[in-house]
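Read the figures in this text as sums done on the coordinates, not as results from a lab. Please read these numbers as outputs of a predicted model, since none were measured by experiment. Here Cβ is always computed from backbone atoms with ideal geometry, including for glycine, and neighbour counts include all displayed protein chains.
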Amino acid sequence: MVRLRLTARPIPVTLYHLLRLSQQNRTIPVSNTKQIAFMQAYEKCHQPFVRYCSALAYGKMDAQDLVQDVLLSAFQQFETIEKKDELLHYLVRAARFRSISVWRKRRRSEAICEKQAARLRERGATSEMLVDVQIMYAALDRLPNDQREALVLFEISGLPMAEIAVIQSCSEGTVKTRVSRARATLRGRLDGRAKAQPEVLHALKTLLL
């Protein structure tokens, strides 16, 4: 069985699984060359992509399902992706569109919230930290979409401003403005109800893998 060898915490998505799904869906033929190329392109994307999906999906859908759905689609379309060295950009956009499609049909799920909270506990989150995370996500949900995405990609996924600008199809200066405004809005809305914003975001960067 061919597995993705990655440095982050393992997720239940293996290339073997993707290949089986692709074959079951009678999609494009699969070759060893394509497997290797996809694995090499995805390896450097893994950590920021999983962090982004985890932040995007919190309380709304299972992050692992989102990761798996997007990876399967990306693998199937891999040969048509022109800039394979920018696979992360494709994955982020695909996750964004996929999540929007799902959210139109669902509301925030308490069951999903508890499942995700349980995962955070397994990774060392305390009860106090979980409360801070819930407050932070409630505030994040109220941000304009472009500001929320820019902040998540910068603070949680750890991407540089220049790369976020490519993903969001805007200038680096616009990204800086979005991140700055998002931070200012969060500070105003949290207003002492959670720990310092940078501390919570740093904790999320560590936990959301």
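Can you compute the FRET efficiency between GLN134 and THR174 using 1/(1 + (r/R0)^6), with r the Cβ-Cβ distance and R0 = 30 Å? Round to the nearest 0.05. Numbers along the way, then the final one.
Values: r = 30 Å, r/R0 = 0.99.
The pair GLN134/THR174 has a calculated efficiency of 0.50.
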Hey, can you rank 137-150, 50-63 by average C-beta count inside 10 Å, highest first? 50-63, 137-150
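Note the full-extension length gain between ARG187 and LYS34 as 0.36 nm times their separation in residues minus their Cα-Cα distance, in nm to one decimal. It would help to have the intermediate numbers written out before the result.
Numbers: separation 153, 0.36 × 153 = 55.08 nm, distance 4.60 nm.
So the chain would gain 50.5 nm between ARG187 and LYS34.
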